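Bear in mind that the values in this text are calculations on the coordinates, not laboratory data. Just so it is clear, the model here is predicted, and its values are computed rather than measured. In this analysis, Cβ positions are derived from the backbone assuming ideal geometry, glycine residues included, and neighbour counts consider all displayed protein chains.
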Amino acid sequence: MRYVVGEPDVLVIGGGHAGIEASLATARMGVKTVLLTLQPDAVGNMPCNPSIGGTGKGQLVFELDALGGEMGRVADQVCLQSRMLNASKGPAVHSLRMQSDRMRYRAHMKTILENTPNLSLIQGEAVDVYREGNLWYVATRLGAVYGCKAVIIATGTYLDSRIIVGESFYSAGPDNSIAAIGLTDSLKKLGIKFFRFKTGTPPRLHRDSIHYEKTESQEGDMPPVCFSSLTDKEAFRDRPQKKCHVVYTNEKTHAIIRANLHRSPLYSGVIKGTGPRYCPSLEDKIVRFPDKERHQVFLEPMGEDTVEIYAQGLSSSLPEDVQREVVHSIEGLEDAVFIRAAYAIEYDCIDPLQLRPTMEIQDYPGLYGAGQFNGTSGYEEAAAQGIVAGINAALQIQGKESLVLPRSSSYIGTLIDDLVTKGTNEPYRMMTSRCEYRLVLRQDNADRRLSEIGF
């Protein structure tokens, strides 16, 4: 039994990084907004790398901050380590990367969402989206129906998603959360074209089981650099930073992987989705680069109050027993205790060639897409699309001119232009090399370029 529960101006589906920025943008522009999410306690989750920024991505965060976004401010508040990547090169490719406290990031974002005027954070699973007259309607699995002037779909990697580890696979979202089932079919009925993409994540290890004397230490920058122009720079410089560490795979590691490729769902045909070239699994790296003697593995803390260590570089979908053998073959990780196994995740996303530069889906006025729903990868790419979708949804409702960022204006403009004009056949990742205007679109001038048009 369906029943009408309300008529907000905008309904945002999904509480990840895209959904957060979209809903904050609309609400702060004075538009009544509902953010519908599967789990309100998990808004702003970082199911993969517990960090914000990176090469090409740090630029997006600075630009997001200039437009009025929240990601950079919260990253500063929960920073564990700040490092400027490519510091030995020219300023055009300097890219800030921050190790972040994953749980505190989520908690900060939830508090902000709950205390933003015009915004309601509500638990629910959207299963149907349809249009009647001048309104869009979104129905939840429990029968609640919202009528609204605009809908922003920011479902991340949850649409009909399944987790795959070796011979095991099952319906689930990131971190073994529930998958969003049914919404893809509803959108396909509208005529929207979908792809099937795949991404993955490495194991999490117990901090106290690592032999740090066998690792290389990686310190943060002193003084540390922050993302947001609103962050107290003096206070930020005084905050303590955590160390990261580096270890390396070896020939024994590679031999274990080669001997078990027949058990890899990536090569056995179990995985059907297309994965990212620029963030391959460890088994993919061993196959694609057979002459490479070793690969870096970064051991990164996941928070102040947890013993979990993120093993960046060991992304895999191999069976759990093989994962353990692989990890224990690495010097420094001989006795590493697994807290979470690595996994691959497949999910549905749309062909971004169906989008306008405003993030509105062509032929469907008032229906917007943002984030991994649009075929991208990464928290930063998602947040950048989210804020543009939110701004444009609000402007459309207010009868104002849309915001379109040209490539020459920003990395965000480059990202969106790539999506809507070139499309993508894999999860799209932002890189400095994609931006032909990078010499003038630096991190250090994002405020001067974009603050005037921010909300």
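Worth pointing out:
- Sorting T358, T33 from the fewest to the most surrounding beta carbons within 10 angstrom yields T358, T33.
- C-alpha center-to-center spacing [region 344-362, region 64-95] in angstrom: 26 Å
- Here region 181-291 is assigned +1 on the Cβ of each Lys and Arg and -1 on the Cβ of each Asp and Glu. Its dipole about the Cα centre then comes out at about 760 debye.
- Relative contact order of region 320-450: 22 percent, from C-alpha pairs under 8 Å at least 6 residues apart in sequence.
- Whole-number D in µm²/s for region 1-104 (Stokes-Einstein; Kirkwood sum over Cα pairs; 4 °C, 1.567 mPa s): 84 µm²/s
- Reference-scaled alpha-carbon Rg (2.2 N^0.38 Å with N residues) for region 327-455: 1.32
- Relative contact order of region 133-185: 25 percent, from C-alpha pairs under 8 Å at least 6 residues apart in sequence.
- Counting 0.36 nm for each residue step from V307 to S433 and taking away their Cα separation leaves a gain of 41.7 nm.
- Panel note: the C-alpha atoms of region 137-257, placed on their principal axes, show extents of 56, 49, 26 Å (largest first).
- Estimated distance in nm for a label pair at D208 and N250, the labels positioned 7 Å out from Cα along Cα-to-Cβ: 2.7 nm
- Relative contact order, percent, the chain [alpha-carbon distance under 8 Å, six or more residues apart]: 24 percent
- Dividing the convex hull volume of the alpha-carbon atoms in region 266-386 by its residue count gives 152 Å³ per residue.
- With eigenvalues of the C-alpha gyration tensor scaled by 5 and rooted, region 241-319, Å: 25, 16, 11
- Simple label model, 7 Å out from Cα along Cβ direction - A107 to D444, nm: 3.6 nm
- Extended-chain gain in nm, criterion 0.36 nm per residue less alpha-carbon gap, R239 and N176: 19.3 nm
- Here region 109-123 and region 381-452 have alpha carbon centers that stand 25 Å from each other.
- Pair R2, S186: separation of 7 Å Cα→Cβ label points (nm): 0.8 nm
- Ellipticity estimate at 222 nm from DSSP helix runs (n ≥ 4, -39,500 (n - 2.57)) divided over the chain, nearest 500: -7000 deg cm²/dmol
- Degrees separating the helix 379-397 axis from the principal Cα axis of the chain, which is the longest one: 0 degrees
- When every Cα-Cα distance of region 204-343 is counted in 10 angstrom steps from zero, the calculated P(r) takes the values 11, 37, 30, 16, 7, 0 percent.
- Listed peptides 232-243, 137-148 appear in the order 137-148, 232-243 once ranked by packing, highest mean of other Cβ atoms within 10 Å at the front.
- Antiparallel bridges, percent of DSSP beta bridges restricted to the chain (to nearest 5): 70 percent
- Stokes-Einstein translational diffusion, region 18-76 - Kirkwood Rh over all Cα pairs, 1.567 mPa s, 4 °C, in µm²/s: 102 µm²/s
- Relative exposure of D291, D175, judged by other C-beta atoms within 10 Å (fewest first): D291, D175
- Annotation: peptides 127-135, 20-28, ranked by per-residue average of other Cβ atoms within 10 Å with the highest first, follow the order 20-28, 127-135.
- Computed on the chain, the Cα convex hull volume stands at 138 Å³ per residue.
- Counting neighbouring Cβ atoms within 10 Å and putting the fewest first, the residues R104, R340 line up as R340, R104.
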